[in-house]
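Rule-based calculations on the coordinates, nothing more; no lab input. The shown structure was predicted, so the numbers you read here are calculated from the model rather than taken from an experiment. Positions of Cβ are backbone-derived with ideal geometry, glycine not excepted, and every protein chain shown enters the neighbour counts.
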Amino acid sequence: MTRLMSDICHFGLQDCLQDPSTLDVLISKSISTPSIISPSPGTGLTSLPDDVLLLVISLIGVEDILALRMTSKRFSSVTRQRWVWSDVLKHHVIDRRLPVPAFIADLKSLSAKELEVRAIHASRFHRNWSSSHPRSMRNVEFFARELTAEEASSLELSTVHPHPISHVFFPPGHHGELLITVERDRVACWEVPFEGSEVFLIAERHLPSCVIDGLVVNEDPDNEAVLFVMFSRLTGSVYDITAEVWSLDKFHGSFVTLGSECLARNVPRRLPPITRLYGDLALLGDPVILWNWKQKGHFFSMNSGNIHPSPTPDRVLTVQLVRNHLLVVRQSHIQLLPTPGFDETGRAVQGLSTFGAFLHVQDPAVEAVVIVHEMTDEEREAWQFNPVTILMRVTTDDGHTIRKYDLLPRPVASPEEAAENEIHDEPETARRPRPTDSPCTLPVRPSQMIEVSPSCGNLVVGQNGKGFWMETQNLTRGHSTFPARCFVGFDVTSHLIPARESQPSRWENVLEIRKNGLYKSRVGPGEIHERKYRILTSSLEDTVGRIAIGRRDGKVEILDFA
């Protein structure tokens, strides 16, 4: 144990000192025995006063602190102090821009144990995800619905399951312990604790004779609305389409309608699905429509003047609100549109920004995700926009690629620069918008292109930049080789590069691919031939490191990576 602790402490300090040889000099001067932990008085770590020992502990990592705790009663007591884990959480998690599980703004209100649990969870999840062989530490499986006797008998004669899982979601603000599952006409909410293997159904709602066209969770965890649902009812050969906002009533085990709006009646086809719900503002359709669900009947359409004609496919792939702008990613265009404000009656008025722009991409994409990187309060005041990464999956005759586009923020003009611009500028209404009016730089070309398998699909990303896609790979186990559906992980981060000499400070977005799969599920030849895989949907909660998988056979699987 003494020898082990010597190695651990030597490793932790050596990583933190600029000159590793300095550590050897310090140790040789402070001890005369082969071990840095010695029972003789006046030597080793045990002889250090608590304040010096706490300083040493602040230089080592989370796992080193836990190992040090196991060596003596004194170290066990010292490493349980609140200061230790407050410092660890700040320097090893927050300063490295890692997500904090169950984060609250006032960390001072947390006990030493609560800080320790958060720091250990965040550190272990990041280390596992970033390792050369990431693996799930715990799996939980359950069926979303038990089959009736009639359904079970009919299933024996058919390969089509009556209740496939079409969507899975983690509602924000519940730290990954709540899961929403969607079937054809049923929405259910489950509690999946991090301890134990049981799953509890806490709410459900059926929509008889309807088909759920789309469902999103509210990205504002403090809002009373939890879900935004769009469903259609087929009458003859036409559809009636309705959008509703639901809250979660755990006490009565149901979802309660907060707002409802009929979007269309007697239309020959179903509408494009909803895309986002931010607090009271819902985004849906193509062109994108903004709807404040608390104001019945008030819709604001991003007018057709913002939709540039394109000879190539150009449907909306994803939409994201970034400060005062709406980022719309289409198959052939990236659009940055100013968002309107809303008055007390819910009607749209001019917002804080009037700048709009669009960028044509070279090849049409089939799928896209957007990562908006978080900034500190000081950084938000110094920059006009958040760093944004767009990943687009593109299929061409030359191959299949994932292309990365970066929208990097421009700095806020200093008072002197703003005054000078006002002097030389013509009136705002008399001039055309210039590229420098944009709050961010618009990419001319992708900053990175990654070749992927033709079977690549289902891009999934969490709010903190971790994500994955699915692809089919051949795996070898022993003497047999078989195809499997694999989750290929990635991590997108953003860093502020300080100013150097004549170079101003700037942001840089980095994409790292985890070559070894996060998860592998064997598939049959029929699945590959028909491209109908058992895995239909998936979701990621990258604050706590949890993945949910929905299958064609009605089964849900939960993977924990921390």
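General remarks:
- A simple spin-label model places the labels of residue 503 and residue 484 4.2 nm from each other, with each point 7 Å out along Cα-to-Cβ.
- In this structure, the amide hydrogen of residue 440, modeled 1.01 Å from its nitrogen in the peptide plane, lies closer than 5 angstrom to those of 410, counting only residues at least 5 positions away or on a different chain.
- Calculated FRET efficiency for the pair residue 412/residue 315, C-beta based, R₀ 41 Å, to 0.05: 0.70
- For the stretch 56-97, the residues whose backbone nitrogen is under 19 Å from a point 7 Å from the Cα of residue 510, taken along Cα to Cβ, are 91-97.
- The modelled label-to-label distance for the pair residue 96/residue 266, using points 7 Å beyond Cα in the direction of Cβ, is 6.3 nm.
- Computed E for residue 522/residue 219 - FRET, C-beta separation, R0 35 angstrom, nearest 0.05: 0.50
- Residue-wise HN-Hα coupling along the stretch 279-287, computed from phi with Karplus coefficients 6.51, -1.76, 1.60 (Hz; x: Gly, Pro): x, 8, 9, 10, 10, 7, x, 8, x
- Annotation note: trypsin sites (Lys or Arg not before Pro) in the stretch 41-108 located in DSSP loop regions with a Cβ neighbour count of at most 12 within 10 Å are 96.
- Whole-Hz ³J(HN,Hα) from phi, Karplus 6.51 cos²θ - 1.76 cosθ + 1.60, for the stretch 44-49, glycine and proline x: x, 5, 5, 8, 6, x
- Under-5 Å amide H pairs with residue 318, H placed in peptide plane, nonlocal only: 329
- Cβ-Cβ FRET estimate between residue 177 and residue 112, R0 fixed at 30 Å, reported to 0.05: 0.85
- Distant-in-sequence amide H partners of residue 506 (H built 1.01 Å from N, under 5 Å): 497
- Estimated vicinal HN-Hα couplings, Hz - the stretch 360-371 in sequence order (Karplus 6.51, -1.76, 1.60; Gly, Pro = x): 8, 9, 5, 10, x, 9, 10, 7, 7, 9, 10, 10
- Under the simplified labelling scheme, the residue 553-residue 197 pair shows an inter-label distance of 1.7 nm, with each label point 7 Å from Cα along Cα→Cβ.
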